[in-house]
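Encoded as structure tokens, the structure appears first; notes follow it.
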Amino acid sequence: MRVYVPLTLPGLAAAHKAGEVGPAPLHAYAVTPALREWYVSDDIEELEYAALSRAAQASLRRIAADPEAPRKRVVVAVDVPDKDAVADPDRGLDQSAVGEVRLASA
């Protein structure tokens, strides 16, 4: 499964230095059943773009929370085993959580 991890430029630099995106748990975005229902499309490229866009919005929220971070959105695409990306059922109705998954490891 391809997941999209929202970061900031300092977060990207830390991931480069560490050789991995972390620490866990990570919040990312992917094509989930909830995203498929919300977007109402069967075109996988459109769904992937929607997940990427959700991650870009989350990156903006991270930038807003870190006044020292440069004002550039960063999204890292990562392929992980399907079992490693878990949708959060508790936030299923939260509009900002559509397509959100949690990764238990870095």
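Ignoring ligands, DNA and RNA, what percent of the accessible area of the chain is carbon or sulfur (1.4 Å)? It would help to have the intermediate numbers written out before the result.
Values: 3640 of 6600 Å².
C and S atoms contribute 55 percent here.
Compute the relative contact order of segment 1-63 as a whole-number percentage, counting only Cα pairs closer than 8 Å that sit 6 or more residues apart in sequence.
It comes to 45 percent, rounded to a whole number.
Can you tell me the relative contact order of the chain? Whole percent, Cα pairs under 8 Å, sequence separation 6 or more.
Values: 173 pairs, mean separation 47.9, N = 106.
Taking the mean separation of contacting Cα pairs over the length of the chain, I get 45 percent.
On the Cα set of segment 1-84, report Rg and Dmax in Å, please.
Rg then Dmax for segment 1-84, in Å: 13.4, 40.
Hey, can you grab everything whose amide H is under 5 Å from the amide H of residue 76? Only 5+ residues off in sequence or another chain; H modelled, so Pro and N-termini drop out.
The list, which skips near neighbours in sequence, is 5, 7.
Just to confirm the number: angle between the C-alpha axis of helix 44-65 and the first principal axis of the chain, 0 to 90 degrees, nearest 10?
40 degrees
Apply the Karplus curve 6.51 cos²θ - 1.76 cosθ + 1.60, θ = phi - 60°, to the phi angles in segment 18-32 and return the couplings in whole Hz, x for Gly and Pro.
7, x, 7, 8, x, x, 7, x, 9, 9, 9, 10, 8, 7, 9
Counting other Cβ atoms within 10 Å of each Cβ, which GluC sites (Glu not before Pro) in segment 16-73 have at most 14 and sit in a DSSP loop?
Numbers: sites: 20, 37, 45, 46, 48, 68; in loops: 20, 68.
Filter output for segment 16-73: 20, 68.
If you stretched the chain out fully between residue 18 and residue 61, how much longer would it get, using 0.36 nm times the residue separation minus the C-alpha to C-alpha distance? Before the final figure, lay out each step's value.
Numbers: separation 43, 0.36 × 43 = 15.48 nm, distance 2.32 nm.
Contour length minus the Cα-Cα distance gives 13.2 nm.
Between residue 72 and residue 36, what FRET efficiency comes out of the Förster formula 1/(1 + (r/R0)^6) with R0 = 30 Å and r the beta carbon distance, rounded to 0.05? Before the final figure, lay out each step's value.
Values: r = 30 Å, r/R0 = 0.99.
It comes to 0.50.
Once you place label points 7 Å from the Cα toward the Cβ at residue 104 and residue 43, how far apart are they in nm?
Simple spin-label model gives 3.6 nm for this pair.
Sum up the charges of everything whose Cβ sits under 14 Å from the Cβ of residue 56, counting Lys and Arg as +1 and Asp and Glu as -1, but leave residue 56 out. Provide the component values of the computation, followed by the final result.
Numbers: positive: 54, 61, 62, 71, 72, 73; negative: 48, 100.
Local charge sum for residue 56: +4.
How about segment 13-89: which trypsin sites (Lys or Arg not before Pro) there lie in a loop by DSSP and see at most 12 other Cβ atoms within 10 Å? All intermediate terms of the calculation are to be shown ahead of the outcome.
Details: sites: 17, 36, 54, 61, 62, 71, 72, 73, 83; in loops: 71, 72, 73.
Here the trypsin sites (Lys or Arg not before Pro) that fit, given the DSSP loop and packing criteria, are 71, 72.
The values are calculated or read from the model by the stated rules, or taken from the named source; none is laboratory data. These numbers were taken from a predicted model, which means no experiment stands behind them. In this analysis, Cβ positions are derived from the backbone assuming ideal geometry, glycine residues included, and neighbour counts consider all displayed protein chains. Ligands, DNA and RNA are stripped out before the accessible areas are found, and what is left, the full protein with its side chains, is counted by its heavy atoms. Shrake-Rupley method; radii C 1.70, N 1.55, O 1.52, S 1.80 Å.
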